[in-house]
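Asker: Below is one structure. I have some questions about it.
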Amino acid sequence: MATLPAALAPRPAFAAERRAEQVLGQWYKLLLELIRHTATYSPPVAARSFAYLGITAFEAQATGTPALRSLAGQVAGLTALPARDAAPHDEACVLQGALSHAIAAHFGNTGPTGQRAMQAMEKRLSEVAMAGVGQDVADRSLAHGIAVSQAILDWSASDGGAVIENMGFPYEYTLTEGPGHWVPTNTTAVQQHPLLPTWGQNRTFAIPMTGGCGLPPALEYSEDPASAFYAEAKTVYDISKSLTDEQKVIARFWSDDPMLSPTPPGHWVSIMLQIFDRDATPVDRQAEVLAMLGMAVSDGFVQCWRSKFEYDLLRPITYIRRVIDPNWEPLLNTPPFPEYPSGHSTQSGAAAGVLEAFYGPDFAFEDATHEDDGIAPRPFAGFAEAAEEAAISRLYGGIHFPSANKNGLEQGRCIASHILELKTRA
Amino acid sequence: MRKVLPLLLLASPALADEPVTPQFAKETTGLATPYMGDWQYMVGGGAAVFDCDADARPDVFIAGGEGPAGLYRNLSEPGGTLKFAPVEGVSETGVTGAYPLDIDSDGVTDLAVLRVGENHLMRGLGDCRFENANAAWGFDGGDAWSTAFAATWETGAAWPTLAVGNYIDRKEEAFPWGSCTDNWLHRPADKGFAPPLPLKPSFCALSMLFTDWANNGTRDLRVSNDREYYKGGQEQLWHMEAEPRLWTDKEGWKRLRIWGMGIAARDLDANGFNEYFLTSMADNKLQVLVPPKDQTLPQYADQAFKRGATAHRPFTGGDLRPSTAWHAQFEDVNNDGLADVFVVKGNVSKMPDFAQKDPNNLMLQRADGTFLEVAETAGALSFANGRGGAVADFNADGKLDLLVVNRREAPEIWRNVSEGLGGFVSVRLSQAGANRDAIGAWVELRSEAGLQRREITVGGGHMSGQLVSWHFGIGTADSAEVRVIWPDGQASDWVAAQPGEAITLKR
């Protein structure tokens, strides 16, 4: 049997001291599964929950950690959160109260297996959190965590994204007329209307409601072989015909399909959970990063959706079958909403921008997010490299034109700059 | 209340030649077994339909989940109301589903009983009596959450090969996802079965079917898997070789990932290749083989949308949320010579994103291959929480009735009371030696309405199986001919059949 490097060997005493980290880490591990297995959790919806849950974890600690600065008064609509009373609190129990309450609320609609899992996790982590803690301290701490969670839930209810019907597909929708606009790309009945067409109207955390991180217009539609639009489509087509094994691996690695993965924002959260484990990151830093990352991907999706439905561009599969090759099949399934820009690119650009601010540009890591699905881990020299690979993966997958990936990444960087104006340290 | 334009309109042809809508009457028949239990019984709830007392009337075994299963003797008079009486002495619990077949080829139908816990092979003793034959047949029933079953007789085998699909590791609480347990292949050995061969990888099967999809006399194992629980999984097709192996993408298999819950198969256009209806959540698939030119590869196009058979949300009742579909079965319920499809539906368990009032679908096939939903106008509307089911002629009147097993509610049954339907022919197969019911055969019927073909299988549906006389509607034809292509490929002569005739093809 191979021997673990000393740094990775079990350290029981150390583990016992890290009760709060266990609470945060285990709830987030379950969170990734709940995202995957709850039918309403398309990527924008998942990003929203990552934002609120990250803020919940952060604020629960900020109320008792002078070094942390609350986001109240900084992000849109968040007012002062419940203060702790003067009696002692336990951070693990505060987190346990906050996260068990918040996750149960976000996933009240998950199936029977998810409900069963949340109950099992609540029981398991209550034991972890309360180990060695006096009952009065534990009760007080759990109650405070719940109070913080409830306040954030109350705030979240008015952002426009709290209620999801029909898995996010509107019951009624009128397609935009014109050859350059989005039309359904598959024969799944509910997907004959685009996903979440009003998501771009949701309240954001840090970017302005209008004029924040807009995009240059999509290329003008044309079927002329000499046009720039045709050239982009031909690029998608040509690459699809000559994909290398490595390019196929990249496409599938970042495919991050809803209901079959933790989604694109969950992929970034997964990366961070792996890094937290690897580096034994303190819980206050974990919560701080998860809050900022969550807001970045959430605002990323809102802004991206504003652009998607502003330009309402058709997908490569529609154009290529119409103009170039009627039998063309892309490697990946085409998502059921307009093309420009690439959502994965926007939110990956936003995620990488925020994470680089915490860790620097050359922070190497290995990403094993999809190992359970039989997809091998991939190493990255830094967050920007990962984001760029996520963006190019959409070209390899045949679901985006090059401009959507390039401009999506740029849009994401813009969003990150707004998020980074928030102060999380006193 | 919002009004939604039905998407089916997109697929509707001209309405001039709509199929005849059959009429059903819900009856109180004595069937009283609800499918009970909580988490471990959120799937399952099957019914086995077969004649256990040799009176040519199909009897019924119903899974009871955590409660007792029920065996019911069919007391219905020909053409009369449907009546069943419970049979004492079968005290199976933990049952998720069951499939009838003559395992030991003694001419008495046995029962494969799927359970949470050890599966049981119940040897038929006649007169609806059974005994557990696990030990006698060397059958290792295991200890799993079994949720799918199929059987075939491999070439030259005296005993069947049984495939058992298993679901989640039921001991996993916080992280059950990705814990799919191995499916098993029980192959013959001496007078019984060898130790089960695990079919790796396994992806939480909810339906399995040995099927001659390529129409070449080879029966591969098709497995429909629940994507809710697998990781890295997909729908599967196994080459049934000495060492079973999966069809791969390099062999043309196209990855499909759905909440696979049930398989129905029928060669709808008699072109030699089965179509497959796959049930799921919010979407169902009607797969049509579209192989590359001059090749027979397992490549399918989904035509459910094109043919109006998506059944993706309730068609009535005001609940617009997506549907949850379980059992599916092709049968000709209006005897017009075209197979229709019955789909049983019900919410998994108070899942708020999916319809709570989720009616079963009865979709009639039109002459152009599209489908017309008629459950409500046919009098078979139900908002109960369905799981398994059966379409069968319980009162020998040549008109197919509907049975549904419900979660936490009594089964429902609808008698086909239609007047003036087209004619029918029923066909039973019998051969000497092993595989007496000729599982794996194809039965063909030709009449002025054209050719019909159906593969005789044990498996598919949602944990529900049948061993009955095989039904063919023949419309207004005043005569027909039938033949069988036996499992070994030998074709019988065509045999004349009159409307209403029950034919047994023997060898």
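Asker: Out of (1) within 13 Å of chain B (Cβ to nearest Cβ); (2) open to solvent by less than 40 Å² (accessible area, probe 1.4 Å), the odd one out for residue A:174 is which?
Answerer: With (1) within 13 Å of chain B (Cβ to nearest Cβ); (2) open to solvent by less than 40 Å² (accessible area, probe 1.4 Å) applied to residue A:174, the lone miss is (2).
Asker: If you don't mind, there's one more thing I want to ask. Restricting to region B:20-51, name every residue that is in contact (Cβ under 8 Å) with a residue 60 or more places away in the chain, open to solvent by 20 Å² or more (accessible area, probe 1.4 Å) and more than 14 Å from every other protein chain (Cβ to nearest Cβ).
Answerer: Within region B:20-51, B:20, B:21, B:23, B:25, B:26, B:27, B:32, B:34, B:36, B:51 qualify.
Asker: If we keep just the residues of region B:165-211 that are of a type in the set (Asp, Glu) and closer than 23 Å to residue B:326 by Cα, which is farthest from the other protein chains (Cβ to nearest Cβ)?
Answerer: Taking the candidates together, the pick is B:182.
Asker: Tally the residues that are open to solvent by less than 10 Å² (accessible area, probe 1.4 Å) and within 14 Å of chain A (Cβ to nearest Cβ), restricting the search to region B:212-228.
Answerer: Of the residues in region B:212-228, 2 are open to solvent by less than 10 Å² (accessible area, probe 1.4 Å) and within 14 Å of chain A (Cβ to nearest Cβ).
Asker: Inspect all residues belonging to region A:150-167 and state whether any of them is within 14 Å of chain B (Cβ to nearest Cβ) and in contact (Cβ under 8 Å) with a residue 60 or more places away in the chain.
Answerer: Within region A:150-167, one or more residues are within 14 Å of chain B (Cβ to nearest Cβ) and in contact (Cβ under 8 Å) with a residue 60 or more places away in the chain.
Asker: Checking residue A:58 against (1) within 30 Å of residue B:348 (Cα to Cα); (2) aromatic (Phe, Trp, Tyr); (3) not in a loop (DSSP other than H, G, I, E, B), which single condition isn't satisfied?
Answerer: With (1) within 30 Å of residue B:348 (Cα to Cα); (2) aromatic (Phe, Trp, Tyr); (3) not in a loop (DSSP other than H, G, I, E, B) applied to residue A:58, the lone miss is (1).
Asker: Can you confirm whether region B:459-466 contains a residue that is in contact (Cβ under 8 Å) with a residue 24 or more places away in the chain, open to solvent by 20 Å² or more (accessible area, probe 1.4 Å) and of a type outside the set (Lys, Arg)?
Answerer: yes
Asker: Turning to a different aspect of this structure: Considering only region B:292-350, how many residues are of a type in the set (S, T, N, Q), surrounded by fewer than 24 Cβ atoms within 10 Å (Cβ to Cβ), closer than 30 Å to residue B:37 by Cα and more than 12 Å from chain A (Cβ to nearest Cβ)?
Answerer: Residues that pass the stated criteria total 1.
Asker: Can you name the residue in region A:366-403 that is closer than 20 Å to residue A:215 by Cα and more than 19 Å from the chain's Cα centre (by Cα) and is also surrounded by the most Cβ atoms within 10 Å (Cβ to Cβ) among such residues?
Answerer: A:400
Asker: Same structure, new question: When you check residue A:301 against the structure, is it part of a helix (DSSP H, G or I), hydrophobic (A, V, I, L, M, F, W, C) and more than 16 Å from the chain's Cα centre (by Cα), yes or no?
Answerer: No.
Asker: Let me ask you something else. Quick one: which residue in B:250, B:254, B:231 is of a type in the set (D, E, K, R) and touching a His at 6+ places or on another chain (Cβ under 9 Å)?
Answerer: B:231
Asker: Moving on. So which of A:113, A:79 is open to solvent by less than 20 Å² (accessible area, probe 1.4 Å) and among the β-branched types (Val, Ile, Thr)?
Answerer: Checking each option against the conditions leaves just A:113.
Asker: Starting from region A:325-350, keep only residues that are without any contact (Cβ under 8 Å) to a residue 60 or more places away in the chain, then list their pairs with residues that are among the charged types (D, E, K, R) and surrounded by fewer than 24 Cβ atoms within 10 Å (Cβ to Cβ) whose Cβ atoms are within a distance under 9 Å, requiring at least 6 positions of separation or different chains.
Answerer: A:327/A:321
Asker: Counting just the residues of region B:234-276 that are within 28 Å of residue A:36 (Cα to Cα) and among the acidic types (Asp, Glu), which one comes out nearest to the other protein chains (Cβ to nearest Cβ)?
Answerer: Among residues in region B:234-276 that are within 28 Å of residue A:36 (Cα to Cα) and among the acidic types (Asp, Glu), the one nearest to the other protein chains (Cβ to nearest Cβ) is B:249.
Asker: Further question on the same structure: Inside region B:356-374, can you point out the residues that are surrounded by fewer than 24 Cβ atoms within 10 Å (Cβ to Cβ), touching a residue at least 40 places away in the same chain (Cβ under 8 Å) and in a loop (DSSP other than H, G, I, E, B)?
Answerer: Scanning region B:356-374 gives B:357, B:366, B:367, B:368, B:369, B:370.
Asker: Moving on. Of all residues in region B:379-437, how many are over 30 Å from residue B:485 (Cα atoms), open to solvent by 40 Å² or more (accessible area, probe 1.4 Å) and small (Gly, Ala, Ser)?
Answerer: Counting residues in region B:379-437 that are over 30 Å from residue B:485 (Cα atoms), open to solvent by 40 Å² or more (accessible area, probe 1.4 Å) and small (Gly, Ala, Ser) gives 2.
The values are calculated or read from the model by the stated rules, or taken from the named source; none is laboratory data. Since this is a predicted model, take the numbers as computed values, not measurements. Every residue, glycine among them, receives a Cβ derived from its backbone with ideal geometry; neighbour counts consider all protein chains shown. For the accessible areas, the whole protein counts, side chains as well, though only heavy atoms, and no ligand, DNA or RNA atoms are used. Shrake-Rupley method; radii C 1.70, N 1.55, O 1.52, S 1.80 Å.
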